[in-house]
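Participant: Can you read through this structure? Questions will come right after.
The values are calculated or read from the model by the stated rules, or taken from the named source; none is laboratory data. Quick caveat: nothing in here was measured; it's all calculated off a predicted structure. Cβ coordinates were reconstructed from backbone atoms using ideal geometry, including for glycine residues, and neighbour counts include every protein chain displayed.
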Amino acid sequence: MTAKRTKEILELLDQQYTREYKCYLNYETPWQLLVATMLSAQCTDARVNIVTKDLFVKYDTVEKFAYADQEELEQDIRPTGFYRNKAKNIIACMRVIHEKYQDEVPSDLDELTALAGVGRKTANVIRGNIYHEPSIVVDTHVKRISKRLGLTKEEDPVKIEYELMKVLPKDHWILYNIQIITFGRSICFARSPKCEECFLKAYCVEYGERQKAQNRKKGDKEIMNESYVVVDLETTGLSPEKNRILEIGAVRLEQGKKTDSFQIMVKCPTEISEFVSELTGITKEMCESGVEEREALEQFLKFAGEDPLIGHNLLFDFKFLKWGFARYGTVFERAGIDTLKIARACLAELPSRKLECLCRNYQIPQEKHHRAFDDASATADLFLCMKEQFFEANPKYFEPVPMNCKVKKQSAATESQKRYLIDLIKYHKIHIDVSIGELSRSEASRMIDRIILQYGRKKGE
């Protein structure tokens, strides 16, 4: 990146946006900005502003934060995510500011980063917005767009900060942050950027690469031109052998776009724990309106065809599908791509690679987290975002690989087992909330043993 090219980029940013300093977090005092910035980690500024509107009324002094009840504060900031660590750090940070600095937020970088939960990004927000010290804040927008513009090739935020300090004039450091954030929110989105409207596309490395890719001959292998099925399951537990599928959600991706969807509720032959119901919102009554497991799996197979699968921690969902099909004598084999593995390899700097955290990182909305279809849809968006960002450098992570999972052969319950089980149920006048016709031989045997252990055998046996 030449100095001339950098100067041209900055001039275009100045022409497009005012040179006015602007912070997207709402605050009135330096300590309020510090708290808001700590809350903004892996959370949007808009959501933080919603939370702090009431938070700063309830905790209107540094002292109230410093000696707050941690569990109560956790609930107050819960919508921002990572609320336990954030609450713990805010209390510890505010206590030092209250006791050591008499409620004044320090301006020194070393003093700021010595505070609990305050890294260079947060410290630079304070130094730039409060004390007008030249500083570069490397948030997701600055990181993403600086790489697209070829200003850095680094992944680590601290290394990016140092590289930008070398190539950008010092009097532009704070302004660059503000302009790039505005640019990232209006044009240069993480996914589906408005490239044709972009006034910087001539300087964008990714745009140039995409233009080259479009000119490649048809025989070139392009991941986006493949067809995939993105799948997610909700289940009664973690064991594919002992637990059952509650819901299947799937999205078809063709040429990088969602073209079809699938969603089905499954009748559950076992009880649904309170924990699972609270996590997913799925109740026993909801499952009663679904279809039998065998039919649900057959419908999914018809939807998926022979396409490779994509999933977040895909092996978990694949195991449940494989065990489910095995119960009815069907062998289920697929190749797949795991977005969790991609994230672990390419986004190691993030504090978590959970689906909700990655979605926050890429600003992917999640309306009903822990519901199969919504998580499948979010995973599809996540795959497209990561493919756009990392495919050129790491194409191997986006190649489908065979899914390996061994399943014990499952035999259907014998007719004599079914008859004996029905007789036991009638004899003891008990209700068993399972579909006897769907039980495997081992499941039927375990159920017979449990009934005999609890109620005894039939008279005369």
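Participant: Just a yes or no: is a residue in segment 97-110 among the polar types (S, T, N, Q), buried (at least 21 other Cβ atoms within 10 Å of the Cβ) and in a loop (DSSP other than H, G, I, E, B)? Break it down into steps so the answer makes sense when it comes.
Facilitator: From segment 97-110, those among the polar types (S, T, N, Q) are 102, 107; that's our starting set.
Okay, now just the ones that are also buried (at least 21 other Cβ atoms within 10 Å of the Cβ), so none.
No: zero hits.
Participant: Checking residue 77 against (1) of a type in the set (A, V, I, L, M); (2) farther than 21 Å from residue 363 by Cβ; (3) without any contact (Cβ under 8 Å) to a residue 40 or more places away in the chain, only one condition comes out false. Which one?
Facilitator: (2)
Participant: Would you check if there is a residue in segment 40-60 being modelled with pLDDT of 90 or more and within 20 Å of residue 113 (Cα to Cα)?
Facilitator: Yes.
Participant: A further question follows. State which residue is nearest to the chain's Cα centre (by Cα) when the search covers only segment 326-346 and only residues that are in a helix (DSSP H, G or I) and of a type in the set (Gly, Ala, Ser).
Facilitator: Restricting attention to segment 326-346, the residues satisfying the condition of being in a helix (DSSP H, G or I) are 326, 339-346.
Still in the list and also of a type in the set (Gly, Ala, Ser): 326, 343, 345.
Details: 326: 30, 343: 10, 345: 15 Å.
This residue is 343.
Participant: Still on this structure, I have one more. Of the residues that sit in segment 249-281 and are within 18 Å of residue 237 (Cα to Cα), more than 20 Å from the chain's Cα centre (by Cα) and acidic (Asp, Glu), which one is surrounded by the fewest Cβ atoms within 10 Å (Cβ to Cβ)?
Facilitator: Filtering segment 249-281 for residues that are within 18 Å of residue 237 (Cα to Cα), more than 20 Å from the chain's Cα centre (by Cα) and acidic (Asp, Glu), the one surrounded by the fewest Cβ atoms within 10 Å (Cβ to Cβ) comes out as 274.
Participant: Tell me whether segment 403-417 contains one or more residues that are modelled with pLDDT under 85, of a type in the set (A, V, I, L, M, F, W, C), surrounded by fewer than 19 Cβ atoms within 10 Å (Cβ to Cβ) and part of a loop (DSSP other than H, G, I, E, B).
Facilitator: Taking segment 403-417 and keeping what is modelled with pLDDT under 85, we get 404-413.
Retained after the next criterion (residues that are of a type in the set (A, V, I, L, M, F, W, C)): 405, 407, 412-413.
Remaining after also requiring surrounded by fewer than 19 Cβ atoms within 10 Å (Cβ to Cβ): 405, 407, 412.
Next cut, part of a loop (DSSP other than H, G, I, E, B) only: 405, 407.
Looking for residues that are modelled with pLDDT under 85, of a type in the set (A, V, I, L, M, F, W, C), surrounded by fewer than 19 Cβ atoms within 10 Å (Cβ to Cβ) and part of a loop (DSSP other than H, G, I, E, B), one finds at least one in segment 403-417, hence yes.
Participant: For residues that are in a helix (DSSP H, G or I) and surrounded by 13 or more Cβ atoms within 10 Å (Cβ to Cβ), scanning just segment 422-440, find the one that is modelled with the lowest pLDDT. Break it down stepwise before answering.
Facilitator: Of the residues in segment 422-440, the ones in a helix (DSSP H, G or I) are 422-428, 436-438.
Now restrict to residues that are surrounded by 13 or more Cβ atoms within 10 Å (Cβ to Cβ): 424-425, 427-428, 436, 438.
Values: 424: 85, 425: 86, 427: 85, 428: 84, 436: 78, 438: 68.
That would be 438.
Yes/no matrix, rows are residues, columns are (1) outside the structural domain of residue 42 (by TED's automatic domain parsing); (2) polar (S, T, N, Q); (3) out of contact with any Ser or Thr (no Cβ under 8 Å at 6 or more places or on another chain); (4) within 14 Å of residue 232 (Cβ to Cβ):
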residue: 295; (1), (2), (3), (4): yes, no, yes, no
residue: 313; (1), (2), (3), (4): yes, yes, yes, yes
residue: 332; (1), (2), (3), (4): yes, no, yes, no
residue: 354; (1), (2), (3), (4): yes, no, yes, yes
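Participant: Show the residue pairs that are 6+ apart or on different chains and have beta-carbon atoms under 7 Å apart, the first residue being within segment 305-325 and farther than 19 Å from residue 386 by Cβ, the second being part of a helix (DSSP H, G or I).
Facilitator: Hits for this filter: 324/293; 324/297; 325/297.
Participant: Considering every residue within segment 364-375, establish whether at least one is outside any helix (DSSP H, G or I), among the aliphatic types (A, V, I, L, M) and assigned by TED's automatic domain parsing to the domain that holds residue 230. Don't jump to the end; show me each part of the working.
Facilitator: Of the residues in segment 364-375, the ones outside any helix (DSSP H, G or I) are 364-371.
With among the aliphatic types (A, V, I, L, M) added as a condition, the list becomes 364.
Narrowing the set further to residues that are assigned by TED's automatic domain parsing to the domain that holds residue 230 leaves 364.
Scanning segment 364-375 turns up at least one residue that is outside any helix (DSSP H, G or I), among the aliphatic types (A, V, I, L, M) and assigned by TED's automatic domain parsing to the domain that holds residue 230.
Participant: Would you check which residues across segment 17-58 are touching a residue at least 12 places away in the same chain (Cβ under 8 Å) and of a type in the set (Ser, Thr, Tyr) and list them?
Facilitator: Across segment 17-58, the qualifying residues are 17, 21, 24, 27, 37, 40, 44, 52.
Participant: Taking the condition out of contact with any Asp or Glu (no Cβ under 7 Å at 6 or more places or on another chain), modelled with pLDDT of 90 or more, closer than 24 Å to residue 45 by Cα and loosely packed, with under 14 Cβ neighbours inside 10 Å, does residue 194 pass? Break it down stepwise before answering.
Facilitator: On the way: out of contact with any Asp or Glu (no Cβ under 7 Å at 6 or more places or on another chain): yes; modelled with pLDDT of 90 or more: yes; closer than 24 Å to residue 45 by Cα: yes; loosely packed, with under 14 Cβ neighbours inside 10 Å: yes.
Yes.
Participant: Provide a single number: the residues in segment 282-316 that are of a type in the set (Asp, Glu) and either under 20 Å from residue 251 (Cβ atoms) or under 26 Å from the mean Cα position of the chain (by Cα) (or both). Show your work before the answer.
Facilitator: Initial filter on segment 282-316 (of a type in the set (Asp, Glu)): 285, 288, 292-293, 295, 298, 306-307.
Cutting the leftovers down to either under 20 Å from residue 251 (Cβ atoms) or under 26 Å from the mean Cα position of the chain (by Cα) (or both) gives us 298, 306-307.
Count: 3.
Participant: Tell me, please, whether a residue that is crowded, with 20+ Cβ neighbours inside 10 Å and either in a loop (DSSP other than H, G, I, E, B) or not assigned by TED's automatic domain parsing to the domain that holds residue 91 (or both) can be found in segment 33-41. Spell out the reasoning first.
Facilitator: Here is the first cut: in segment 33-41, the ones crowded, with 20+ Cβ neighbours inside 10 Å are 33-41.
From the residues that got through so far, the ones that are either in a loop (DSSP other than H, G, I, E, B) or not assigned by TED's automatic domain parsing to the domain that holds residue 91 (or both) too are 40-41.
Yes: one or more hits.
Participant: When residue 74 is evaluated against the numbered criteria (1) assigned to a loop (DSSP other than H, G, I, E, B); (2) surrounded by fewer than 20 Cβ atoms within 10 Å (Cβ to Cβ), which criterion, by number, is the only one it fails?
Facilitator: It fails just one condition, (1).
Participant: Kindly indicate whether any position in segment 89-101 is under 26 Å from residue 343 (Cβ atoms) and either within 23 Å of the chain's Cα centre (by Cα) or free of Cβ contacts under 8 Å to residues at least 60 places away in the same chain (or both). Working first, answer last.
Facilitator: We begin by selecting, within segment 89-101, every residue under 26 Å from residue 343 (Cβ atoms); these are 89.
Those still in the list that are either within 23 Å of the chain's Cα centre (by Cα) or free of Cβ contacts under 8 Å to residues at least 60 places away in the same chain (or both) too: 89.
Looking for residues that are under 26 Å from residue 343 (Cβ atoms) and either within 23 Å of the chain's Cα centre (by Cα) or free of Cβ contacts under 8 Å to residues at least 60 places away in the same chain (or both), one finds at least one in segment 89-101, hence yes.
Participant: I've got another one for you. Among the residues of segment 379-387, are any on the phi > 0 side of the Ramachandran plot and at pLDDT 90 or above? Break it down into steps so the answer makes sense when it comes.
Facilitator: Applying the first criterion (on the phi > 0 side of the Ramachandran plot) to segment 379-387 yields none.
There is no residue in segment 379-387 that is on the phi > 0 side of the Ramachandran plot and at pLDDT 90 or above.
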